[in-house]
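Here the structure is laid out as structure tokens; the discussion comes afterwards.
The values are calculated or read from the model by the stated rules, or taken from the named source; none is laboratory data. Keep in mind the model is a prediction, meaning the values are calculated, not measured. Reconstructed Cβ throughout: ideal geometry from the backbone, glycine too, with neighbour counts over all protein chains shown. Heads up: the accessible areas ignore ligands, DNA and RNA and are worked out on the full protein's heavy atoms, side chains in. Shrake-Rupley method; radii C 1.70, N 1.55, O 1.52, S 1.80 Å.
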Amino acid sequence: MSAVRRKFGEDYQVVNTNRSMTFSVPVKKKRQRFVEKNGRCNVQHGNLGGETSRYISDLFTTLVDLKWRWNLLIFILTYTVAWLVMASMWWVIAYIRGDLSRGGHDQSYTPCVANVYNFPSAFLFFIETEATIGYGHRYITEKCPEGIILFLFQSLLGSIVDAFLIGCMFIKMSQPKKRAETLMFSQDAVISQRDGKLCLMFRVGNLRNSHMVSAQIRCKLIKSRQTPEGEFLPLDQCELDVGFGTGADQLFLVSPLTICHEINTKSPFFDLSQRSLMNEQFEIVVILEGIVETTG
């Protein structure tokens, strides 16, 4: 008699594969998952000390990992603050030199920036310079060394801010999280006979026509255990062999494939009976790695 163990989300059920007999076992109660179906890990770190400073020291990765609403807010605020600060610096130069009072009335006077009379005109000059629009109405003159230095500083700062924020947004948009929506795993994982061997099997498929280059699959068994020395290891990770020695873990994912883990003497399921399998608490995490052909 061979039994099939099916996985329904967080519930487990065992049914008989023999047509002559049918039986069912009470469904296990739901428990919190270590890794959700969407790939999010239910792990929270605490009591580490200096956690905030560590995230700030790796600011680029922190921004990429933020949610989209926070990314857009930081994107808008950074550009807005930078624009206002730089426009204020141009206005301060014009104010100190007296361009605001003399530039529009004395035709013989040469201002630092032509046609800058107030803060809005200074802001427009900065935007025209930063965005390389160049309408030609406002321009910097050669009799303003402080303005030339500020112009060079503005160009360098603008390039750094653009590279940082635009690079962050590009990497976030190219993340493969949405690509994973078109990679499907079977709802049920079963234990059954294949080629005369008892195997744990599930299926994986790619809905898109674009290929997954160098696709490789791995399986992790997450289960608490106790060592012979008496040490308790919570959430211990064990590798499940899905064809590493034979190359079966290297997938050519053009059609749905069945992934098999042979339950032999090296398998962590080898010593489990049908009854103990229902009482054990563990989780199998499947990791599919590959390169998206269209985006790399």
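In table form, for the structure just shown:
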quantity: Single residue of Gln154, Gln193, Gln175 found to be out of contact with any strand residue (DSSP E or B) (no Cβ under 7 Å at 6 or more places or on another chain) and buried (at least 16 other Cβ atoms within 10 Å of the Cβ); calculated: Gln154
quantity: Any hit, segment 165-172, residues being aromatic (Phe, Trp, Tyr), free of Cβ contacts under 8 Å to residues at least 12 places away in the same chain and out of contact with any Asp or Glu (no Cβ under 7 Å at 6 or more places or on another chain); calculated: yes
quantity: Number of the condition not met by Arg208 [criteria: (1) touching a residue at least 24 places away in the same chain (Cβ under 8 Å); (2) farther than 19 Å from Asp249 by Cα; (3) part of a strand (DSSP E or B); (4) open to solvent by 70 Å² or more (accessible area, probe 1.4 Å)]; calculated: (3)
quantity: Strands (runs of 3 or more DSSP E) fully within segment 225-296 counting 3 or more residues that are within 30 Å of Asn209 (Cβ to Cβ) and open to solvent by less than 40 Å² (accessible area, probe 1.4 Å); calculated: 257-262, 283-292
quantity: Residues of segment 139-151 classified as open to solvent by less than 50 Å² (accessible area, probe 1.4 Å), within 27 Å of Ile76 (Cα to Cα) and not in a helix (DSSP H, G or I), total; calculated: 0
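Conditions tested, residue by residue: (1) without any contact (Cβ under 8 Å) to a residue 40 or more places away in the chain; (2) out of contact with any Cys (no Cβ under 8 Å at 6 or more places or on another chain); (3) open to solvent by 80 Å² or more (accessible area, probe 1.4 Å); (4) in a loop (DSSP other than H, G, I, E, B).
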residue: Thr52; (1), (2), (3), (4): yes, yes, yes, no
residue: Thr62; (1), (2), (3), (4): yes, yes, no, no
residue: Asn71; (1), (2), (3), (4): no, no, no, no
residue: Leu77; (1), (2), (3), (4): yes, yes, yes, no
residue: Trp83; (1), (2), (3), (4): no, yes, yes, no
